[in-house]
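Report on the structure given below.
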Amino acid sequence: MMEAFISILLLAFLSSTTAMVQPSAGYKYELELKKVLQMNQTDYIKFEGLTVKRFNKSSYVADGQFTATVTFDDTWNIMANCWRDKLGNNQWELTSFNAPFQPVSKFLKSVYFKYMQPDLVPCSNLPDYENEDAIENFPAGTYKLTNYIGDIQNFPPHLQDGLYRIEIFLYKDNVVESGFVIYWKVYPEVG
C-alpha cells in the first residue's frame, strides 16, 4: 500500500497540477503540486516539454516526454520517503508512505507493473512488460506521453491535510546519483 501511494503520487505528478481524490471513506480531497526540485543535477533522466491542460472540471491531461540516458538495471537502487508538514511551518514528520531501498527491478515489479503500467502504456511508449518475470531493467530511451489522464482512485482512505514532501533517490553502487523532491498540498474540497 505504501509503495502504491508513492507510485500514485508520481502518476498524479505526471498527469496534473491539481487532482481530485475521492477516498473510500467518502471524503473528497484536492492535491496541488507546489514544486519539483531536482537533486544532484545529473543527466540520467531529463524531462522535456511537459504540458498540462484542463480536460474537465476535475481532470487534467498531460503531454510531454522524458529521456532515460542510462538503462536502470539492478546496479541501480531506488528509495522514496514521504514527509508531512501539517501546519505549513516546516515541521516535517516522516509518514508511513515510503518505498524502501530496493533494486530497480523490484520497484518495477512491485510498483510499475502493478500500478503504473496499466495506466501509462495505452498513452505512451513506456515499457510494456508481459509479466513480472520479464522485468529486468528500465531501458534507456526517450519516452513520450500523449493525452495522459492519471487514475488516482487508489489513494489511502485517510489521507490527512497538509503539505507533503516526497524525496525520490536513485543510487548507483550505494551512492545517491540522482533524485528529485516533489512538494504537494493536500486539502479538502470545498463545495
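The values are calculated or read from the model by the stated rules, or taken from the named source; none is laboratory data. Owing to the predicted nature of the structure, the values given are computational and were not obtained by experimental measurement. Glycine also receives a Cβ, built like all others from the backbone with ideal geometry; neighbour counts cover every protein chain displayed.
Any residue in segment 123-137 that is free of Cβ contacts under 8 Å to residues at least 40 places away in the same chain and farther than 15 Å from PRO103 by Cα sitting within a Cβ distance under 9 Å of a residue that is in a helix (DSSP H, G or I) and polar (S, T, N, Q)? List the pairs, counting only those 6 or more apart or interchain.
LEU126/GLN117; PRO127/GLN117; ASP128/GLN117; TYR129/GLN117
Among the residues in segment 123-134, are any of a type in the set (A, V, I, L, M) and within 14 Å of the chain's Cα centre (by Cα)?
As a first pass, look at segment 123-134 and keep what is of a type in the set (A, V, I, L, M): 126, 134.
Subset that is within 14 Å of the chain's Cα centre (by Cα): none.
Looking for residues that are of a type in the set (A, V, I, L, M) and within 14 Å of the chain's Cα centre (by Cα), one finds none in segment 123-134, hence no.
Among the residues of segment 51-74, is there at least one that is in contact with a Gly (Cβ under 7 Å, 6 or more places away or on another chain), modelled with pLDDT of 65 or more and under 19 Å from ILE135 (Cβ atoms)?
The answer is yes; a qualifying residue exists.
Filter segment 64-79 down to the residues that are of a type in the set (S, T, N, Q), closer than 29 Å to ASN147 by Cα and part of a strand (DSSP E or B) and list them by number.
The initial filter retains those residues of segment 64-79 that are of a type in the set (S, T, N, Q), namely 65, 67, 69, 71, 75, 77.
Checking the rest, the ones that are also closer than 29 Å to ASN147 by Cα come to 65, 67, 69, 71.
Those that are of a type in the set (S, T, N, Q), closer than 29 Å to ASN147 by Cα and part of a strand (DSSP E or B): GLN65, THR67.
Consider segment 80-136. How many of its residues are of a type in the set (Val, Ile, Thr), under 25 Å from ASP63 (Cα atoms) and not in a helix (DSSP H, G or I)?
0
Among the candidates ASN154, ASN137, which residue alone is at pLDDT 90 or above, of a type outside the set (Gly, Ala, Ser) and surrounded by fewer than 19 Cβ atoms within 10 Å (Cβ to Cβ)?
Numbers: ASN154 fails: at pLDDT 90 or above.
Criteria check complete, one pass: ASN137.
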